[in-house]
Amino acid sequence: MDTVTPALRLDTRRPTAIAVLAMGGQGGGVLVDWIVALVESQGHVAQATSVPGVAQRTGATIYYVETIAPDRSGRRPVLSLMPVPGEVDIVIGAELMEAGRAIQRGLVSPDRTTLIASAHRAYAVSEKVVPGDGAGDPAKVYEAAQAASKQFLAFDMATIAEQTESVVSAALFGALAASGALPYPRAAYESTIRAARLGVEASLRAFDRAYAAAETERRSPTAPAARPSAGSVKKKLPVLGPIGDAAFDSLVERARGLPEPAHGMVAAGLARVVDFQDVAYGREYLDRVEAFAAIERQAASASTAFPLTCAAAKQIARAMAYDDVIRVADLKTRGSRFERVRSEIALRPGQIAYTTEFMHPRIEEVCGTLPAGIGLWLESSPRVQGALRRFVDRGRRVQTGTIGWFLPLYLLAGWRRFRRGTLRHRREAAHIAAWLDQANVAATRDIALGVELLEARRLVKGYSDTHDAGEGRFSRLMAIARRLEGRADAADWVRRLRQSALADAEGRAFADTIKTVESFL
Amino acid sequence: MAERSFAKEVEDLKLGDGQEFRGEGILAITKALLQSGVGYVAGYQGAPISHLMDVLADGQEILEELGVHFETSANEAAAAATLAASVMYPIRGAATFKSTVGTNVASDALANLASGGVTGGALIIVGEDYGEGSSIMQERSHAFAMKSQIWLLDPKPDLESIVSAVETGFELSEASNTPVMLEVRIRACHVRGSFRAKNNKRPSMSLVEALESPRRDTSRIVLPPASYVHEKEKVEKRWPAAVRFIQERRMNELVPGDIGDVGIILQGGMYNGVMRALQGLGLADVWGTSRIPLYVLNVTYPLVPDEVVGFCRGKRAVLLVEEGQPDYIEQALSKILRQAAVPTVLAGKDPFPMAGEYTAAVMAEAIGTFARHWIPDVLAPEVRASNAAPALDEKHVKGLAEAVPPRPPGFCTGCPERPIFAAMKLVEREMGPHHVAADIGCHLFSIMPPFNIGSTTMGYGLGPASASAFNVKAGKRAISVMGDGGFWHNGLTSGIGNAVFNKSDGVVLIVDNHYTSATGGQALLSSRATNRSRSTQHAITTAVKGMGVEWVRHIDHTYDVGRVRDTLKEALTSRDAGPKVIVASSECMLNRQRRERPLFAKAAKAGKRLVRQRFGVDEDVCTGDHACIRLSGCPSLSVKHTADPLKDDPVAAIDNSCVGCGNCGEVAEAAVLCPSFYRADIIVNPTGWDRTVERLRTAVIGFLQRRRDRRQLRLA
């Protein structure tokens, strides 16, 4: 059976390989169907396959297509069922990190791969659960893509899809057409969409928008600076200027005396605290910020960026504008809020929307909102508390859009004129004072440490239990910081403590860092 | 399948002689069954063969026309047992399921079937869920074929080959009175290709005829002495018959090559991968021409010694491409060559890794190693020097490791199972962790972040059984989870019955989402929808009580997190003896949306008054602690970075994909999280009354808002 055959001549033609990386439920399958239909409509052979399995439940999924011009002698091509690293011509990432994943899998190569990606982010659970900011850095994907691909086309196709009321697949299909990576005319793509007879008009709109966007992107790629980077959205720093309110403007005038680099943050902080309480409160804010500015001015090693003053301007404002019941009621009842909701839920003209808030006031909140004296008495009398708890401590579905619910919230927000007398305010004030005193003392000797002690305030956030947990970590950090004072690396360690405290909710990282610090203290 | 129509695919099943069939591999198999005159098909759904089941379920009329019976079996054992119809009667039958998990369950019936042997062709179609995307333990179906002497087909992964494997498979089965197993891997099932169709055939003998003129032959029944005879028969009659048939029909393929002193023996399923690797080495082209001779095993059990020896004799070395382990084929080949005293070197698991999928990279690497060692001079210089790995070492590419997050599968947007585990999380906070025995099904996603609940999974419907050992007096009770799919698959007896009989004190949580959702949303006994071809609406609670459980609680709205939490606490603390069973029901959101979206859109277009709900987050109230996300993980509940300079961390945000399931609000309320969430009730096509009320409310509220805006500075 040993066949003796003359040296065979091999055909050197290779198929075009296309890999699509998407998240389950994102419609990667639709895109692949279109690609196959497109290829076949052009008289070429296409073979597509995928391994969805349970991955179709929101997990990362890969689809693979190979295409080739038919053989005159009618032989059927033998096509691969999985991408060969280094031999993929087109890679489509339906989300930025999925494009990154494709690169990691070796599917993208500098000599042949056109990489098309929607630049939007759909955060993975591991990114979202972090108490701080766990978002992966998109800049890294851009860098890698530039280095690894022959052509790289990336822009936010999810937004295009949303604006055209279509799906991201349609936008990706448009980008593919514009990339010119496949030898087919635009018309062929469009008739493919039409032939599918599903949401044709919307799909074509998305296709068209993406096609145009891709062309501009090809002509003039987005400059690295303009690209989204970690913590994308640029922070909006208001200008420190008069607003036409005599009392407030006098504060602005006074704030102008602060170091120039801090003006933006001071403007934001001042606005926040005055909005929270009143102009007098703004004056208290400035007193506190100025104290730190003074220290920084006198400091020998003063940086022209005035980090201490900036940190003070930011964190003191956050601390002073704490989230109490009054604040929440105020924010929930504002006209501006009603408008924001309408745009958030994309309310169409002619439609009506009402919101329901999910509130769970605990006895603690009640005590905190009462005048300090009564609040303390109530806290110290468990029987009365128990009696009260039965009425108070339960979830409330507040329909802010109805007069019956709006009114009490509105009155609660008006309670702000008595806020200074409430138990909660007294506690917050004491808390802030203690914190700032420690930061103050530290700063006079070590600016960097002062900055870190101010930034540590970032740990205090959330409501009820979450807030208590954060405050707990905050005070532990401040306690350790006190023992670190005087060391050259004190600031670094306090920074590490803060970062680790925000790394996970269970406090594992924080505990480890504390252990390390304890080891040398 | 319940909420999805396969009408289009059903049309493909009607294609006749010479027409071009275009579609997925699994659908090609379905068509091939009808072309082979199959009399009945039974199966249990599961990737990658769910599609076969779904399409036949929707194809009732064609099946009736042809006189073919289709059965959605209770489990794989039931599916395999159905093949008993082919023991006495010359009727072709097929059973299908996911392997190896399904084959595990089916093996009792399969062993009995194989012992007595068959008269009509019996085909077992197993979807080999191995390698990337697999959701099960990594094993081979090959072992089952060997242990029961069931012939195993592993055709080339193109539609033509797969279809002919089905057709000749039936013939092989009949020629050797042995059931035949057809193994198709995930990618082959999902591969889209084409083949020339034939007319569908009516079964030569109908089930009706069989039923009305029954036959029996004690020599076919597995009981001594027959059972001893069966074993002899297997090796003395059926095996040789099979080998003869495989040889005569040339089921295995020989691809000639001009480099005759080496060769490659491969499982049919590996063919395309091998060809692509050879192409990379410049030893083959895309049209199937190979310079190295190939021996393609479309039948991987039994092997045909004459063919093997014939192929290997005179060759210096032969490479065997056999995916998975143990390396059964390699062991068998070694024996064959040894006995025939063929000196040819057999390479297999040494260039190839013993474990793991033969990916394109693995193929290229292993076949490259073989070629470089045995035929270096025919290779191009750049190939001879080991090919460099793609630019993975580039520093920016390496940098991706810090940025690209893992993305495992999880609960869909609005999944009714999410609130159940959110509630379990709250119980964990109050009462500390418990031992949680998990099961197979979507609910198994609970083992991943953010929930991290579940310690073991022992197989479909075996959640409660896998907690049996913990039936001892202790300060805490074990909690076991089981889905409605697993419950009807076998959990009712192995879980509930077992717990009742052994006086278990544990807590059993049955997740009822009205479908076998993980396998694609097929209907089952407790499905709420009426189904023309199946009997549904059999309540799980009734079955559980029927089994003798006294402590049963039914929660018919899983989104009520507080209630689920309290019921769980009650079950964990109750003084009552015996198993505590909680049935938590809410419809699978994926299927619910499939049904309701189009209806909603239609009604909205028609101008009907409708209310759509979705959730949102007030970003100025949210402090960015993400506590809510740690109790949800919903795809539509994400984070966003804000322009507010006073906020360092991203705040929670809900996108437009929100289906308004209610979990966010419930969790915020039950866990006393924060007041940032709001639910928006959007009234589409409001009535005149709606408008009047709205105008009134806006007037009053607007007045108050303007009043306050006048009286105090609004700056943020």
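The values are calculated or read from the model by the stated rules, or taken from the named source; none is laboratory data. As the structure is a prediction and not an experimental result, all values here were calculated from the model. Positions of Cβ are generated from backbone atoms using ideal geometry, with glycine treated the same way; all protein chains shown enter the neighbour counts.
How about region A:356-386: which of its residues are facing chain B (nearest Cβ under 8 Å) and over 24 Å from the mean Cα position of the chain (by Cα)?
Of everything in region A:356-386, those that are facing chain B (nearest Cβ under 8 Å) and over 24 Å from the mean Cα position of the chain (by Cα) turn out to be A:356, A:359, A:360, A:362.
Yes/no per residue for (1) surrounded by fewer than 24 Cβ atoms within 10 Å (Cβ to Cβ); (2) hydrophobic (A, V, I, L, M, F, W, C); (3) not in a helix (DSSP H, G or I):
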position: B:564; (1), (2), (3): no, yes, no
position: B:584; (1), (2), (3): no, yes, yes
position: B:615; (1), (2), (3): no, yes, yes
position: B:643; (1), (2), (3): yes, yes, yes
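Do we have any residue at all in region B:385-400 that's assigned to a helix (DSSP H, G or I), within 14 Å of another protein chain (Cβ to nearest Cβ) and among the hydrophobic types (A, V, I, L, M, F, W, C)?
Taking every residue of region B:385-400 in turn, at least one turns out to be assigned to a helix (DSSP H, G or I), within 14 Å of another protein chain (Cβ to nearest Cβ) and among the hydrophobic types (A, V, I, L, M, F, W, C).
Give region A:390-406 a look and list any residue that's in contact with a strand residue (DSSP E or B) (Cβ under 7 Å, 6 or more places away or on another chain) and either in a helix (DSSP H, G or I) or charged (D, E, K, R) (or both), or say none.
Selection gives A:396, A:397, A:405.
Which residue, of A:126, A:166, is under 30 Å from residue B:418 (Cα atoms), in a helix (DSSP H, G or I) and within 14 Å of another protein chain (Cβ to nearest Cβ)?
A:126
Residue check, residue B:427 against (1) within 14 Å of another protein chain (Cβ to nearest Cβ); (2) in a helix (DSSP H, G or I); (3) surrounded by fewer than 24 Cβ atoms within 10 Å (Cβ to Cβ), all met but one. Which one?
Only one criterion is unmet by residue B:427, namely (1).
Run down A:145, A:117 and say which single residue is surrounded by 24 or more Cβ atoms within 10 Å (Cβ to Cβ), at pLDDT 95 or above and not in a strand (DSSP E or B).
Answer to the check: A:145.
For region B:278-337, how many residues meet the condition of being farther than 10 Å from residue B:265 by Cβ, acidic (Asp, Glu) and in a loop (DSSP other than H, G, I, E, B)?
3
From the list A:346, A:313, exactly one residue is of a type in the set (A, V, I, L, M) and either surrounded by 17 or more Cβ atoms within 10 Å (Cβ to Cβ) or under 30 Å from residue A:454 (Cα atoms) (or both). Which is it?
After applying the criteria, what remains is A:313.
For region A:242-266, what are the residues that are within 12 Å of chain B (Cβ to nearest Cβ) and not in a helix (DSSP H, G or I)?
Answer for region A:242-266, where residues must be within 12 Å of chain B (Cβ to nearest Cβ) and not in a helix (DSSP H, G or I): A:243, A:244, A:245.
Determine if region B:129-145 includes at least one residue that is touching a helix residue (DSSP H, G or I) at 6+ places or on another chain (Cβ under 8 Å), away from chain A (no Cβ under 14 Å), β-branched (Val, Ile, Thr) and over 28 Å from residue B:61 (Cβ atoms).
no
Any residue in region B:368-384 that is among the aliphatic types (A, V, I, L, M), within 14 Å of chain A (Cβ to nearest Cβ), under 28 Å from residue A:104 (Cβ atoms) and assigned to a helix (DSSP H, G or I)?
The answer is yes; a qualifying residue exists.
One residue is enough: does region B:519-539 have a residue meeting the conditions touching a helix residue (DSSP H, G or I) at 6+ places or on another chain (Cβ under 9 Å), in a helix (DSSP H, G or I) and of a type in the set (S, T, N, Q)?
Within region B:519-539, one or more residues are touching a helix residue (DSSP H, G or I) at 6+ places or on another chain (Cβ under 9 Å), in a helix (DSSP H, G or I) and of a type in the set (S, T, N, Q).
Out of (1) without any contact (Cβ under 8 Å) to a residue 60 or more places away in the chain; (2) in a strand (DSSP E or B), what's the single condition that is false for residue B:495?
All conditions are met except number (2).
Which of the residues belonging to region A:150-194 are at pLDDT 95 or above and at positive phi?
Result: A:180, single match.
Within region B:649-669, take every residue that is at the interface with another protein chain (Cβ under 7 Å from one of its Cβ atoms) and touching a helix residue (DSSP H, G or I) at 6+ places or on another chain (Cβ under 8 Å) and give me the one that is surrounded by the fewest Cβ atoms within 10 Å (Cβ to Cβ).
If we take residues in region B:649-669 being at the interface with another protein chain (Cβ under 7 Å from one of its Cβ atoms) and touching a helix residue (DSSP H, G or I) at 6+ places or on another chain (Cβ under 8 Å), then B:656 is surrounded by the fewest Cβ atoms within 10 Å (Cβ to Cβ).
Condition first: within 14 Å of chain A (Cβ to nearest Cβ), of a type outside the set (A, V, I, L, M) and part of a helix (DSSP H, G or I). Can you find one or more residues in region B:248-267 that meet it?
no
Quick one: is residue B:56 within 24 Å of residue B:17 (Cβ to Cβ) and at pLDDT below 95?
Yes, satisfied.
Quick check on region B:589-599. Is at least one of its residues touching a strand residue (DSSP E or B) at 6+ places or on another chain (Cβ under 9 Å) and either surrounded by fewer than 17 Cβ atoms within 10 Å (Cβ to Cβ) or at the interface with chain A (Cβ under 7 Å from one of its Cβ atoms) (or both)?
No; the residues of region B:589-599 include none that is touching a strand residue (DSSP E or B) at 6+ places or on another chain (Cβ under 9 Å) and either surrounded by fewer than 17 Cβ atoms within 10 Å (Cβ to Cβ) or at the interface with chain A (Cβ under 7 Å from one of its Cβ atoms) (or both).
From (1) touching a strand residue (DSSP E or B) at 6+ places or on another chain (Cβ under 8 Å); (2) touching a residue at least 40 places away in the same chain (Cβ under 8 Å); (3) facing chain B (nearest Cβ under 8 Å); (4) in a helix (DSSP H, G or I), pick out the condition that doesn't hold for residue A:409.
Every listed condition holds for residue A:409 apart from (3).
With the condition kept exactly as written, say whether any residue in region A:299-310 is modelled with pLDDT of 95 or more and among the aliphatic types (A, V, I, L, M).
Yes, that holds for at least one residue.
Kindly list the number of the only condition in (1) in contact (Cβ under 8 Å) with a residue 60 or more places away in the chain; (2) outside any helix (DSSP H, G or I); (3) under 18 Å from the mean Cα position of the chain (by Cα) that fails for residue A:154.
Residue A:154 satisfies every listed condition except (3).
Name the pairs: first residue in region B:512-533 and without any contact (Cβ under 8 Å) to a residue 40 or more places away in the chain, second residue part of a loop (DSSP other than H, G, I, E, B) and among the small types (Gly, Ala, Ser), Cβ to Cβ under 8 Å, at least 6 apart or on different chains?
Final answer for the pair search is B:525/B:535.
Of all residues in region B:268-286 being under 30 Å from the mean Cα position of the chain (by Cα) and at the interface with chain A (Cβ under 9 Å from one of its Cβ atoms), which is nearest to residue B:379 (Cα to Cα)?
Ranking the candidates gives B:277 first.
Among the numbered criteria (1) at pLDDT 95 or above; (2) surrounded by 19 or more Cβ atoms within 10 Å (Cβ to Cβ), which single criterion is violated by residue B:10?
Result: residue B:10 passes all but (1).
Taking region A:451-476 on its own, how many of its residues are under 26 Å from the mean Cα position of the chain (by Cα) and more than 14 Å from chain B (Cβ to nearest Cβ)?
Looking only at that region, the number is 1.
Search region B:618-629 for residues that are more than 7 Å from chain A (Cβ to nearest Cβ) and in a loop (DSSP other than H, G, I, E, B) and pair each with any residue that is surrounded by fewer than 24 Cβ atoms within 10 Å (Cβ to Cβ) and not aliphatic (A, V, I, L, M) when their beta-carbon atoms are under 7 Å apart and the residues are at least 6 apart or on different chains.
B:619/B:642
Where the second residue is surrounded by 24 or more Cβ atoms within 10 Å (Cβ to Cβ) and among the polar types (S, T, N, Q) and the first is assigned by TED's automatic domain parsing to the domain that holds residue A:173 and lies in region A:108-132, which pairs have Cβ atoms under 6 Å and are six or more apart or on separate chains?
Every condition considered, the pairs that remain are A:108/A:149; A:113/A:149; A:115/A:149.
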